[in-house]
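Okay, structure first, notes after.
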Amino acid sequence: MIRLAGLLMAAVFAGAAIAAEAPPAADDPALEKRVVQLTSELRCLVCQNQSLADSHADLAIDLRNQIREMMRAGKSDAEIRDYMVQRYGDFVLYRPPLKATTVLLWAGPFALLLAGFVGLVAYLRRRRARAEGPELSAEERARAQALLGGNGGHGS
Amino acid sequence: MARFLIPLAVFLVLVAFLAIGLSRDPHEVPSPLIDKPAPAFRLPALREPQKTVSRDDLRGQVWLLNVWASWCVSCREEHPVLVELAKSGVVPIYGLDYKDTREAALKWLAERGDPYTLSIVDADGKVGIDYGVYGVPETYVIDKQGVIRYKHIGPLTAQVLQDKILPLVRKLQA
């Protein structure tokens, strides 16, 4: 029990230590909210599956500070986004702009969906054509009945 | 026959895409700074803290900008390659000592040799941000007009030097 308490204490203090590392934040909650909002749309280049808001990489911390400073200096979100793209390319944007090099990225899923839909329609048409195959003549029907044992043919 | 050929074709296309995707390093993000003027800077020199060096001081020559740090593990890997290159004297290498302390950096160079014509200190990493540095070491080839012509991300190898950087440097020097 004491050990558990110790662990909990350690966890709490570790949290405090991380919090202390974080850059000055609490003095302006509105600005901080804007920072989080913008940085969660920007990719961290060090750990590429994390946003700048989530990442604890050194570079992410520096960039968050940079963005915070720029916001304090009155820059708009669009200006800051441009600043990031100028340095790191469209890759930093989780929502890349639509242009010649990204057309496949934007249109690809819809093209695949369309292809799938066309394929499905073609398949269903063919299946219906097969199901609507030639009707049995009365003679064939009688023969089928006989083969099935004459009991109306409820299969097993 | 088409029943088998179509899935086979789809499968082969998928294999081709995956093969291309797997053979690429997702960490190598193409820099938007290629063929753009190198961002301006004015930073203190590593060996003479009172002296500052700016981008424009380096204009008129082809030069390499190598971003390094004493804390950077893969810089150790590429260091011998840089030392060799410096010995050959083909192209001056300027070091950007990124987010490092002066003492640690000087100790590092004393231990391993100093391939840099000059190193400048980017203690807070601001110039690094301007150059889009995200994974030290990085190496830029900058031409006589101060335009970035090539960027290599990660440790330089003799191979990269022979195949990419030196041919480009010779072309730019001509």
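The values are calculated or read from the model by the stated rules, or taken from the named source; none is laboratory data. What you see is a predicted model; the values in this text were computed from it and never measured. Counting neighbours? That spans all protein chains shown, and the Cβs are built from the backbone with ideal geometry, glycine included.
Only one of the listed residues (B:Asp100, B:Asp124) is surrounded by fewer than 22 Cβ atoms within 10 Å (Cβ to Cβ) and not hydrophobic (A, V, I, L, M, F, W, C). That residue is B:Asp124.
The residue that is surrounded by the fewest Cβ atoms within 10 Å (Cβ to Cβ), among those in segment B:132-141 that are within 11 Å of chain A (Cβ to nearest Cβ) and touching a strand residue (DSSP E or B) at 6+ places or on another chain (Cβ under 7 Å), is B:Gly135. I want to confirm something. Restricting to segment B:6-54 and keeping residues that are charged (D, E, K, R) and closer than 19 Å to B:Arg149 by Cα, which single residue is farthest from the other protein chains (Cβ to nearest Cβ)? Among those residues, the one meeting the criterion is B:Asp35. Any residue at all in segment A:47-59 that is at pLDDT below 95, within 12 Å of another protein chain (Cβ to nearest Cβ), under 27 Å from B:Trp71 (Cα atoms) and not in a loop (DSSP other than H, G, I, E, B)? Yes, the conditions are met somewhere in segment A:47-59. Of all the criteria given as (1) within 14 Å of chain A (Cβ to nearest Cβ); (2) closer than 20 Å to B:His152 by Cβ, the one not satisfied by B:Arg3 is (2).
For segment B:55-85, filtered to residues that are closer than 19 Å to B:Ile148 by Cβ and of a type in the set (Phe, Trp, Tyr), the residue that is surrounded by the fewest Cβ atoms within 10 Å (Cβ to Cβ) is B:Trp63. Restricting A:Arg68, A:Arg64, A:Arg87 to residues that are crowded, with 16+ Cβ neighbours inside 10 Å, closer than 24 Å to B:Asp35 by Cβ and in the same structural domain as A:Ala30 (by TED's automatic domain parsing) narrows the list to A:Arg87.
Number of residues in segment B:68-82 that are free of Cβ contacts under 8 Å to residues at least 12 places away in the same chain and among the charged types (D, E, K, R): the value is 0.
Return a yes/no flag: does segment A:43-57 have any residue that is more than 23 Å from the chain's Cα centre (by Cα) and basic (Lys, Arg). Among the residues of segment A:43-57, not one is more than 23 Å from the chain's Cα centre (by Cα) and basic (Lys, Arg), which makes the answer no.
Only one of the listed residues (B:Leu106, B:Leu65, B:Leu85) is away from chain A (no Cβ under 14 Å), in contact (Cβ under 8 Å) with a residue 40 or more places away in the chain and touching a helix residue (DSSP H, G or I) at 6+ places or on another chain (Cβ under 7 Å). That residue is B:Leu85. Looking at A:Ala100, is it away from every other protein chain (no Cβ under 13 Å) and either at pLDDT below 90 or under 30 Å from B:Phe17 (Cβ atoms) (or both)? When the stated conditions are applied, A:Ala100 passes them.
Rundown of residues vs (1) modelled with pLDDT of 95 or more; (2) within 16 Å of the chain's Cα centre (by Cα); (3) under 30 Å from A:Arg64 (Cα atoms), yes/no style:
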{"residue": "B:Pro49", "(1), (2), (3)": "no, no, yes"}
{"residue": "B:Gly60", "(1), (2), (3)": "no, no, no"}
{"residue": "B:Trp63", "(1), (2), (3)": "yes, yes, no"}
{"residue": "B:Asn66", "(1), (2), (3)": "yes, yes, yes"}
{"residue": "B:Ser74", "(1), (2), (3)": "no, yes, yes"}
{"residue": "B:Leu82", "(1), (2), (3)": "yes, yes, no"}
{"residue": "B:Val90", "(1), (2), (3)": "no, no, no"}
{"residue": "B:Tyr116", "(1), (2), (3)": "yes, yes, no"}
{"residue": "B:Asp124", "(1), (2), (3)": "no, no, yes"}
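The criterion of being on the phi > 0 side of the Ramachandran plot and within 14 Å of another protein chain (Cβ to nearest Cβ) holds for B:Gly125. The set of residues in segment A:73-111 that are under 13 Å from A:Leu38 (Cβ atoms) and touching a residue at least 12 places away in the same chain (Cβ under 8 Å) comprises A:Asp77, A:Ile80, A:Arg81, A:Tyr83, A:Met84, A:Val92, A:Leu93, A:Tyr94, A:Arg95. The conditions of being more than 13 Å from B:Trp68 (Cβ to Cβ), over 14 Å from the mean Cα position of the chain (by Cα) and not aliphatic (A, V, I, L, M) are not met by B:Lys99.
Residue check, B:Ile153 against (1) under 17 Å from B:Phe41 (Cα atoms); (2) surrounded by fewer than 22 Cβ atoms within 10 Å (Cβ to Cβ); (3) of a type in the set (Val, Ile, Thr), all met but one. Which one? For B:Ile153, the failing item is (1). Listed conditions (1) closer than 22 Å to B:Ile148 by Cβ; (2) among the polar types (S, T, N, Q); (3) exposed (fewer than 12 other Cβ atoms within 10 Å of the Cβ) are all met by B:Ser88, apart from (1). Against the definition (surrounded by 11 or more Cβ atoms within 10 Å (Cβ to Cβ), more than 14 Å from chain B (Cβ to nearest Cβ) and at pLDDT 90 or above), how does A:Asp77 come out, yes or no? Judged against the criteria, A:Asp77 is a match.
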